[in-house]
Amino acid sequence: MGIVRWLFDAQLVIGDQTVLWREVIGNVFGLLSALGGMRRRVWAWPVGILGNALLFTVFMGVLFDTPNPVNLLGQAGRQVMFIVVSVYGWYRWTHRADEATTVIEPRWASWPTRGLLVLALVGGTAVLTPLFRALGSYEPVWSDAWIFVGSVLATYGMAKGWVEFWLIWVAVDLVGVPLLFSAGYYASGLMYVFYGAFTLTGFFVWMLQGRKPAAAPVTVG
């Protein structure tokens, strides 16, 4: 219990800003998971789940007594969704025809599937924005909703092995960086800056490995 208590209480003070070590460690785990995803390694999923659990306690400050008074419900909620989708992805990557290897084979989604992903991102953001606002999330609330929906879709796309999931992450990072800095989550904001470059690299790595776009539609579900 001593390590758990230290993890919850440890803080890094920089000037007049306070950063929780669990925010830093959670983001490091997230980075390792992204690295594993780029290399198509199955261990990326359990590592990501650990990071998600830590970051959930950071963004739900009301429940876990964080020094930052700003609550980002979309950021907190997406950690829960990450865990759920990551369990699904972990299962898919370990139950497939080529399960003798720990490397997943990337593939392109069909054009109909790409259209559904864009529609889900925009439509999901529109639906969740008023809900997050009513629950008291930080403004601009649409940014929080965009990050939440995009993160779920990107994680689902990674589970399916679609190359396009990296581009969804780029869209999430472009909105996430200014939101997190304005809300005072500096460690996560800086990590998002790095993620932006990293996700572009991951996209080109998977693009070179992926097959050509499928002629038949790929079912989302």
Of the residues in the stretch 37-52, how many are aliphatic (A, V, I, L, M) and at pLDDT 90 or above?
-> 4
Log entry, pairs with first residue in the stretch 131-155 being more than 30 Å from residue 92 (Cα to Cα), second being basic (Lys, Arg) and open to solvent by 30 Å² or more (accessible area, probe 1.4 Å), beta carbons closer than 6 Å, six or more apart or on different chains, reads 141/133
Answer yes or no: is there a residue in the stretch 81-102 that is open to solvent by 10 Å² or more (accessible area, probe 1.4 Å), out of contact with any Cys (no Cβ under 8 Å at 6 or more places or on another chain), outside any helix (DSSP H, G or I) and at pLDDT 90 or above.
-> no
Exactly one of 210, 176, 184, 161 is in contact with a helix residue (DSSP H, G or I) (Cβ under 6 Å, 6 or more places away or on another chain) and either open to solvent by less than 40 Å² (accessible area, probe 1.4 Å) or more than 27 Å from residue 22 (Cβ to Cβ) (or both), and that residue is 176
Matching residues in the stretch 187-206 - criterion: being in contact (Cβ under 8 Å) with a residue 60 or more places away in the chain and either touching a His at 6+ places or on another chain (Cβ under 8 Å) or buried (at least 18 other Cβ atoms within 10 Å of the Cβ) (or both) | 187, 188, 191, 195, 198, 199, 202, 206
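Scan 179, 190 and give me the residue that is part of a helix (DSSP H, G or I) and closer than 19 Å to residue 29 by Cα.
The conditions single out 190.
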Enumeration of residues in the stretch 1-36 that are modelled with pLDDT of 65 or more and either farther than 17 Å from residue 185 by Cβ or of a type in the set (Lys, Arg) (or both) | 22, 32, 33, 34, 35, 36
Quick one: would you say residue 166 is buried (at least 23 other Cβ atoms within 10 Å of the Cβ), modelled with pLDDT under 90 and not polar (S, T, N, Q)?
-> no
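The values are calculated or read from the model by the stated rules, or taken from the named source; none is laboratory data. For clarity, every value in this text was computed on a predicted model and none was experimentally measured. Backbone-built Cβ (ideal geometry, glycine too); neighbour counts: all protein chains shown. SASA here: full protein model, heavy atoms, side chains in, ligands and nucleic acids out. Shrake-Rupley method; radii C 1.70, N 1.55, O 1.52, S 1.80 Å.
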